[in-house]
Amino acid sequence: MARKVILDVDPGIDDAMALCMALFDPELEVVAVTAVGGNCSPEQATRNVQAVIEQLDPPRWPRLGAASPPDDGLPVDGRHLYGADGLGDTNFDVAERQHLHPSEKVICDQVRDASEGSVTILALGPLTNIARAMARDPDLNALIGQIVMMGGAVSGPGNITPAAEFNVYCDPVSAQAVFRSRSTKTLVPLDVTNRVVLNYDIFNRLPDVSTKVGRFLRKILPSAFRGYRRQFGLEGIHVHDTVALTAVTHPELFSTEEMAGDVETLGELTAGMTVFDRRQAPTWRHNMDVVTDMQTDKVTDVIISRINAAAARAG
Ligand code: RIB
Ligand code: CA
């Protein structure tokens, strides 16, 4: 029985790579892909979700959700890494689809339509939609199986500020609401996702342009390499969201630790910082599992092999 997942994404090149893997994974049933602003505006994220689905044309099209701005607006976007359109300035055409429901409504509907505890929400962007879905349906936390979030940092620095990771920084109030919710949560933080760096050799290992997945990835990835060189002086790219997806499909390659985590929402220098009570005598209640280690080389190999397997299935 395939595992039901909802992917909440702010595509974003690493989000798009995770979608390539998930949409053609026979062990996953992607029941919905819901857009959230972050790497690009909410409107662009909604357009990009449609574009990725149309470019990849999976055997079963998931329900799509439309993004809307967080209550306090987006403080930043990801154009410095992923271009103005979020997908390497590829500006894919999209068919004008029928009106899409809001992402938070799609999340609530899909969780309620499935049997209790059977849906995993993989949150790969800011947590705006997840918090809104919880506010929309107070019983949702008891019905969701698990929320796996790419975000935050435990011991290491942030990436968008010295203190904050991008997804949490974009909407710290929503992140705090989700962290404090009584749902079953796993966090995949930068401490771990930063350890997978794809270098230019990836272009020798990707599926070729005779496949939809190969064509799509070869269109969007070069821009990410340019962005990482320009921004970080790095001759390679992180793929945070594909690491988080791999933590769902291959948990045996990851180690987790129960922690008590929260989010700073007000700090002038620390807004969006994730804070964990790791004192000798902690007083905060454990509220999530945090990925603390992984078999990096095996995870990297799984990402590449699953992309090629996706290409073979997609044609
Ligand atoms: O900090 C990395 C995260 O922020 C990734 O999910 C990336 O796509 C951006 O959303
Ligand atoms: Ca993302």
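Observations on the model:
- Close pairs from the stretch 101-121: first closer than 12 Å to LYS4 by Cβ, partner among the basic types (Lys, Arg) and buried (at least 17 other Cβ atoms within 10 Å of the Cβ), Cβ under 6 Å, at least 6 apart: ALA114/LYS4; SER118/LYS4; VAL119/LYS4
- Every listed requirement among (1) in contact with a Leu (Cβ under 6 Å, 6 or more places away or on another chain); (2) of a type in the set (Ser, Thr, Tyr); (3) over 24 Å from GLY78 (Cβ atoms) is met by TYR228 save one, (3).
- Applying the condition of being without any contact (Cβ under 8 Å) to a residue 12 or more places away in the chain and either among the aliphatic types (A, V, I, L, M) or not in a helix (DSSP H, G or I) (or both) to the stretch 267-315 and asking which residue is nearest to SER183 (Cα to Cα) yields THR283.
- Boolean, SER255 is crowded, with 18+ Cβ neighbours inside 10 Å, in contact (Cβ under 8 Å) with a residue 24 or more places away in the chain, away from ligand 1 (no atom under 16 Å from the Cβ) and among the small types (Gly, Ala, Ser): no
- Qualifying positions in the stretch 22-69 - in a loop (DSSP other than H, G, I, E, B) and either under 17 Å from PRO126 (Cα atoms) or within 13 Å of ligand 2 (Cβ to nearest atom) (or both): VAL36, GLY37, GLY38, ASN39, CYS40, SER41, ALA67, SER68, PRO69
- The stretch 10-30 residues that are touching a residue at least 60 places away in the same chain (Cβ under 8 Å) and β-branched (Val, Ile, Thr), paired with ones that are within 9 Å of ligand 1 (Cβ to nearest atom) and in a helix (DSSP H, G or I) (beta carbon under 7 Å, 6 or more apart): ILE13/TYR82
Residue-by-condition table, conditions (1) over 21 Å from ASN167 (Cα atoms); (2) surrounded by 16 or more Cβ atoms within 10 Å (Cβ to Cβ); (3) touching a residue at least 12 places away in the same chain (Cβ under 8 Å):
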{"residue": "SER181", "(1), (2), (3)": "no, yes, yes"}
{"residue": "THR184", "(1), (2), (3)": "no, yes, yes"}
{"residue": "VAL188", "(1), (2), (3)": "no, yes, yes"}
{"residue": "ARG195", "(1), (2), (3)": "no, no, yes"}
{"residue": "PHE203", "(1), (2), (3)": "yes, no, yes"}
{"residue": "ASP208", "(1), (2), (3)": "yes, no, no"}
{"residue": "TYR228", "(1), (2), (3)": "no, yes, yes"}
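- Tallying residues that are under 19 Å from the mean Cα position of the chain (by Cα) and either modelled with pLDDT of 95 or more or small (Gly, Ala, Ser) (or both) within the stretch 62-73 yields 7.
- Answer residue from the stretch 209-243, given it is over 19 Å from the mean Cα position of the chain (by Cα) and of a type in the set (A, V, I, L, M) and is farthest from ligand 2 (Cβ to nearest atom) among those: VAL209
- Exactly one residue among LEU81, LEU19 is assigned to a helix (DSSP H, G or I), within 14 Å of ligand 2 (Cβ to nearest atom) and over 22 Å from THR249 (Cβ atoms), and that residue is LEU81.
- Options GLU96, GLU43, GLU27: the member that is surrounded by fewer than 24 Cβ atoms within 10 Å (Cβ to Cβ) and closer than 19 Å to VAL148 by Cβ: GLU27
- Given (1) within 16 Å of ligand 2 (Cβ to nearest atom); (2) touching a Lys or Arg at 6+ places or on another chain (Cβ under 8 Å), index of the condition PRO189 fails: (2)
The values are calculated or read from the model by the stated rules, or taken from the named source; none is laboratory data. Source: prediction; values computed, not measured. Cβ: placed from backbone, ideal geometry, glycine included. Neighbour counts: every protein chain shown.
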